[in-house]
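Engineer: First the structure, which I've put down as structure tokens, then a few questions once you've had a look.
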Amino acid sequence: MTSSVFETVTPDAFAYLDRVASTDPGRSCKLRMLDELAVRAGETVLDLGCGPGTDLAALADAVTGTGRVIGVDHDRASADAATDRTAGRGNVTVRLGDIHELPLPDNSADRARTDRVLQHVADPARALGEARRVLRPGGRLVMGEPDWGTLTVDHPDGGLSRACTRYVTDEAVRNARIGSRLARLAADAGFAVPAVVPVTPVFRDVRAADRILGLGRTARRAADAGYFTEEAVRRWLDHLVDGPFLAAVTLFIVVAEA
């Protein structure tokens, strides 16, 4: 029963990003980020770490034909996919580039966004400095990042769920706590931070949660890393399937102004 509920194979990266974007929490978060970005017609907007271009079309609609959208990603396959997806949009350009050293001149953009990118980069502070460099005075950066330390999975043995969260924050995600630290990092980079918006999706269906949070795969990797015993993994996953289920994690939308 348990094995049929939890995914055992890591999904394709592009398919996973599209999957998250199509969920109710994903759509709600992206709409809130777009609202906070406050894009106006004719502006230049950057999508930093654009991946396969999931959000480029919405940004292109927001700037209208008089504006410009530039997607930047360090991964060639992602940049190629984003280029293909936006082939019919003359106001979208995709560039291969490193978020730590953006291929853009100073003061060249009005708006910029990152969506769950900074949790993975080598140096978030440097990336924020680059975003500050390329934004015009008065420009706005909107970032959405989770704090994986807030990951909560209800279980009668709370220690097992805490072990899973510790594994995620210690080993699974490079900058796992960045969501709650992002306002400070943005201020250190020279931004004003007028708003921090916490968004906490709550999952009541174990299959839906696993498709987003990868609970089964994460628990088994935590066991391999010594955070769980194999017997504890079995007990934890069995209860998630058989008992009442609840999981949640908080993502922080941080609004920063140059």
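Engineer: Testing Leu185 on (1) surrounded by 15 or more Cβ atoms within 10 Å (Cβ to Cβ); (2) not in a helix (DSSP H, G or I), one condition comes back false. Which one is that?
Structural biologist: Failed condition: (2).
Engineer: For the stretch 10-62, enumerate the residues that are surrounded by 14 or more Cβ atoms within 10 Å (Cβ to Cβ), among the hydroxyl-bearing types (Ser, Thr, Tyr) and either within 16 Å of the chain's Cα centre (by Cα) or under 21 Å from Ala81 (Cβ atoms) (or both).
Structural biologist: Tyr16, Thr23, Thr54
Engineer: Restricting to the stretch 212-255, name every residue that is surrounded by 21 or more Cβ atoms within 10 Å (Cβ to Cβ), of a type in the set (Gly, Ala, Ser) and in a helix (DSSP H, G or I).
Structural biologist: Within the stretch 212-255, Gly216, Ala219, Ala222 meet the criteria.
Engineer: Would you please list the contacts, defined by Cβ atoms under 7 Å and residues six or more apart or on different chains, that run from a residue in the stretch 139-155 that is outside any strand (DSSP E or B) to a residue that is of a type in the set (Phe, Trp, Tyr)?
Structural biologist: Qualifying pairs under 7 Å: His155/Trp236.
Engineer: Then there is this: Quickly run through the stretch 235-249 and pick out the residues that are β-branched (Val, Ile, Thr) and under 19 Å from Ala223 (Cβ atoms).
Structural biologist: Answer for the stretch 235-249, where residues must be β-branched (Val, Ile, Thr) and under 19 Å from Ala223 (Cβ atoms): just Val241.
Engineer: Ok, one more. Can you list residue pairs whose Cβ atoms sit under 8 Å apart, with the first residue in the stretch 225-247 being in contact (Cβ under 8 Å) with a residue 24 or more places away in the chain and the second being polar (S, T, N, Q)? Count only pairs 6 or more apart in sequence or on different chains.
Structural biologist: Short answer, once both residue conditions are applied: Arg234/Thr2; Trp236/Ser161; Leu237/Thr2; Asp238/Thr2; Val241/Thr2; Leu246/Thr152; Ala247/Thr152.
Engineer: Considering Thr152, Thr169, Thr165, which residue is of a type in the set (Ser, Thr, Tyr), buried (at least 20 other Cβ atoms within 10 Å of the Cβ) and at pLDDT 95 or above?
Structural biologist: Thr165
Engineer: List every residue pair whose Cβ atoms sit under 9 Å apart, with the two residues 6 or more apart in sequence or on different chains, where the first one lies in the stretch 28-42 and is farther than 17 Å from Thr54 by Cα and the second, anywhere, is part of a helix (DSSP H, G or I).
Structural biologist: Val39/Leu59; Val39/Ala62; Val39/Val63; Arg40/Ala62; Arg40/Val63; Ala41/Ala62; Ala41/Val63; Gly42/Val63
Engineer: If the Cβ limit is 9 Å and pairs must be 6+ apart or interchain, which residue in the stretch 199-218 that is on the phi < 0 side of the Ramachandran plot and of a type outside the set (A, V, I, L, M) pairs with which residue that is assigned to a strand (DSSP E or B) and surrounded by fewer than 18 Cβ atoms within 10 Å (Cβ to Cβ)?
Structural biologist: Thr200/Ala248; Thr200/Thr250; Pro201/Ala248; Pro201/Thr250; Phe203/Ala248
Engineer: Among the candidates Asp73, Asp61, which residue alone is modelled with pLDDT of 95 or more, over 30 Å from Arg204 (Cβ atoms) and in contact with a Cys (Cβ under 9 Å, 6 or more places away or on another chain)?
Structural biologist: It is Asp73.
Engineer: Out of everything in the stretch 73-93 that is under 22 Å from Tyr16 (Cα atoms) and crowded, with 24+ Cβ neighbours inside 10 Å, what residue ends up being farthest from the chain's Cα centre (by Cα)?
Structural biologist: Filtering the stretch 73-93 for residues that are under 22 Å from Tyr16 (Cα atoms) and crowded, with 24+ Cβ neighbours inside 10 Å, the one farthest from the chain's Cα centre (by Cα) comes out as Ala82.
The values are calculated or read from the model by the stated rules, or taken from the named source; none is laboratory data. Since the model is a prediction, treat every value here as computed from it, not as a measurement. Don't worry about glycine lacking a Cβ; one is built from the backbone with ideal geometry, like all the others, and counts go over all protein chains shown.
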